[in-house]
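The values are calculated or read from the model by the stated rules, or taken from the named source; none is laboratory data. These figures come from a predicted structure and were not determined experimentally. Note: ideal-geometry Cβ built from the backbone for every residue, glycine included; neighbour counts use all protein chains shown.
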Amino acid sequence: MGKLGIGDGLRIVVYDQLGLFSAARVWWTFRAFGVAEVMILDGGLPQWLAEGRETESGPSARQPATFMARLDRSIIADIAQVERALTAGTSQVLDARPAARFRGEAPEPRAGIASGHIPGSLNLPFGEIIKDGHLAEPEALRAALESAGVDLSRPVITSCGSGVSAAILWLALDSIGKRPHALYDGSWAEWASAGKPVATGAE
C-alpha cells in the first residue's frame, strides 16, 4: 500500500470497471486491515464515464506513504468458526452465489469443486441487489435479505465461491447498519475442498 502512495489518514475511494463487483472486496479488505475512511464510488467507472468525467491513462505516480495495517479479525470468519456458528446456531451463513450453483444444479467455475452449498446456509444471489452497477436502496436491501430468510436481529456470516461476491452482501448488511457480521474468506471453494458436508437443493 505504501508503495502505491496509500497511507494512514487518507480517505480511500475504490471502484471497478463493472460498476459494483470486485470493488466491494477491495473495500472490505481495507476495512479488515483497519482502514475506517474507505468508500466505494457509486456506479464505479461506468457511471464516471457516463457523466463525462475526466480520465487518464498510463501508470500513475504517487509519493510513497506509510500504511500501518491493523487486522480486524472480528470481521473475518474461518472454516472452524463457520462450523461452530452453524452447529450452535449463533450465526446465519448467507451465500452470494447464483441460485443454480447454490442448489447444486450448475457446476462451479473451479475445477474439482463440488456443486451445492454449506448445510444450513441461506442464499441471496448478489446480482439481485445490484442494478446497473449500483447497490439497491436500503429498503430494497432489507426486503431482499428478509426474503432470503435472514433474521436481521441475528449475526450473519457472508460467503460465496471464493470470498469476492460475499463482500457485496457484507456491503449490503453494512449499508443498512447490520452488525455484527463477518465474511467467510475461504468460502465455498475452501469448504468443498476440505471435504465438509455438501447440501443440494433450495435448503
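Points worth noting:
- Selection within the stretch 84-112 - over 24 Å from R179 (Cβ atoms), within 20 Å of the chain's Cα centre (by Cα) and outside any helix (DSSP H, G or I): P98, E108, P109, R110
- Lone unmet requirement of (1) touching a helix residue (DSSP H, G or I) at 6+ places or on another chain (Cβ under 7 Å); (2) buried (at least 17 other Cβ atoms within 10 Å of the Cβ); (3) within 24 Å of I40 (Cβ to Cβ) for S175: (2)
- Among residues of the stretch 1-25, those that are within 17 Å of the chain's Cα centre (by Cα) and touching a residue at least 60 places away in the same chain (Cβ under 8 Å), counted: 7
- Tally, over the stretch 26-42, of residues that are part of a loop (DSSP other than H, G, I, E, B), farther than 16 Å from A172 by Cβ and in contact (Cβ under 8 Å) with a residue 12 or more places away in the chain: 5
- I118 meets each of the listed conditions (1) among the aliphatic types (A, V, I, L, M); (2) surrounded by 13 or more Cβ atoms within 10 Å (Cβ to Cβ); (3) not assigned by TED's automatic domain parsing to the domain that holds Y184 apart from (3).
- One residue from R53, R25, R70, R62 being over 12 Å from L183 (Cα atoms), among the basic types (K, R) and modelled with pLDDT of 95 or more: R53
- Against the list (1) of a type outside the set (D, E); (2) within 27 Å of T87 (Cα to Cα); (3) free of Cβ contacts under 8 Å to residues at least 60 places away in the same chain; (4) part of a loop (DSSP other than H, G, I, E, B), the condition L173 fails is (4).
- Of all the numbered requirements in (1) surrounded by 16 or more Cβ atoms within 10 Å (Cβ to Cβ); (2) modelled with pLDDT of 95 or more; (3) assigned to a loop (DSSP other than H, G, I, E, B), L152 misses one, and that requirement is (1).
- For the stretch 179-192, residues that are more than 9 Å from V156 (Cα to Cα) and not small (G, A, S) total 5.
- Qualifying residue in the stretch 52-67 (condition: in the same structural domain as L10 (by TED's automatic domain parsing), basic (K, R) and not in a strand (DSSP E or B)): yes
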